[in-house]
Amino acid sequence: DGDDEDEEEGGGEPKEFDGPWVIVMDDFLSEEETKRLIELGASEKFRQSELVEDGIDEETRTSTNSWCTESNCAKDEVAQRVLGRIFNMTQIDKEYSEDMQMLSYQTGQFYEVHHDYYFLERDEAMQHGPRILTVYLYLNNVEAGGGTSFPELNLTVMPKRGRALIWPSVLDSSPAEIDWRTEHEAHTVEKGVKYGANVWFHLKPFRLAYKNYTCCETSRKYIENGPDAWKAGDLGKMFQRIVEDPKYNTNILSSPSLDGSYPWIIIMDNFITAEEAQHIITWGAEEGYEHSRLYEDDKDDITSDNEEEDDDDHKEEGGISWRTSWH
């Protein structure tokens with residue numbers, strides 16, 4: 001998680017995964033679906049986003065949002081298809097989910113570091129338990145900025161149309177207990193606009209609780225003491241099932257140590273700009289590409305950086321066929 005010096009860039013041996021689950025799925029939504037969700041969000045009228053505990057706080061959260069409720073937006077064919085895909089993927093019943101929240105970040109807007117697990121003192125509100133899982137959908141490409149970062153994990157995911165980002169808010173060993181490692185923030189949109197959508201799942205059947213706040217004691221006790229969406233260990237099982245399913249285009253950005261053999265392997269989209277990439281391509285061409293070498297076979301023969309080499313001596317059939325240059 002970046003707490004030890006030898007885990008920082010350039011130091012130490014690769015470490016095994018030992019974090020919470022954070023996964024990314026590209027092409028989870030089609031372009032048609034992303035455009036329709038943006039339209040639905042706008043039709044529900046975006047309003048200033050609020051904090052669960054404190055209401056509107058323009059210093060912490062400046063985005064706008066709307067809700068895809070069952071009485072309107074959720075009846076849409078595309079919305080139903082997307083939600084059905086999420087319920088099928090997580091294998092958590094829709095009764096444990098909130099309505100889909102539609103989000104809009106204009107240039108200059110952001111959401112500072114926060115956690116999706118929340119604390120409320122109202123007993124009736126806690127009948128549905130804490131949020132346990134977030135499925136975040138990126139609905140468009142953003143010209144600049146707008147990434148989602150996890151400071152404790154030193155991890156940032158950039159917006160990409162159709163991409164889904166999934167993480168838990170609770171511990172696998174204790175699904176009612178917060179996992180502080182998944183605190184996150186929405187970086188400032190530097191140019192353009194960012195559209196997204198949240199689907200949150202609760203430990204208890206949220207929709208039943210929401211509809212029965214004022215209902216009878218029997219109903220409240222059923223919701224409070226009824227079946228949990230997850231038991232200890234179920235979180236990990238769900239993520240393992242998803243990442244092993246070939247129909248999902250999944251990249252693991254963080255995970256717990258599963259068998260002690262996982263190295264650190266992470267993906268960073270947009271780490272360099274298109275302009276920087278073109279410069280590197282140009283540098284390579286200017287230095288002149290040569291046949292690449294197999295280090296183990298050639299290391300004893302290397303005596304000088306300026307030594308002329310016969311390309312054919314270092315090209316192995318079935319081994320290396322690409323070319324390299326050095327800058």
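VAL157 fulfils the conditions (1) open to solvent by 50 Å² or more (accessible area, probe 1.4 Å); (2) modelled with pLDDT of 90 or more except for a single criterion, (1).
When you scan the stretch 268-275, do you find a residue that is among the acidic types (Asp, Glu), touching a Phe, Trp or Tyr at 6+ places or on another chain (Cβ under 7 Å) and either assigned to a helix (DSSP H, G or I) or at pLDDT 85 or above (or both), even just one? No, the stretch 268-275 contains no residue that is among the acidic types (Asp, Glu), touching a Phe, Trp or Tyr at 6+ places or on another chain (Cβ under 7 Å) and either assigned to a helix (DSSP H, G or I) or at pLDDT 85 or above (or both).
Being within 23 Å of ILE86 (Cα to Cα) and surrounded by fewer than 19 Cβ atoms within 10 Å (Cβ to Cβ) is the filter here, so list the residues in the stretch 179-197 that pass it.
If we filter the stretch 179-197 for residues that are within 23 Å of ILE86 (Cα to Cα), which is where we start, we get 179, 182-186, 194-197.
Selection gives GLU183, GLU185.
Scanning the stretch 76-133 for residues that are at pLDDT below 90 and among the β-branched types (Val, Ile, Thr) turns up just one, VAL113. Given the structure, is TYR195 under 29 Å from THR64 (Cα atoms), hydroxyl-bearing (Ser, Thr, Tyr) and at pLDDT 90 or above? Yes; evaluated as a whole, the condition is true for this residue.
Every listed requirement among (1) more than 19 Å from the chain's Cα centre (by Cα); (2) surrounded by 22 or more Cβ atoms within 10 Å (Cβ to Cβ) is met by GLY108 save one, (2).
The values are calculated or read from the model by the stated rules, or taken from the named source; none is laboratory data. Just so we're clear, the structure is a prediction, and the values are computed from it rather than from any experiment. Cβ: placed from backbone, ideal geometry, glycine included. Neighbour counts: every protein chain shown. Keep in mind that these areas ignore ligands, DNA and RNA; they rest on the heavy atoms of the full protein, side chains included. Shrake-Rupley method; radii C 1.70, N 1.55, O 1.52, S 1.80 Å.
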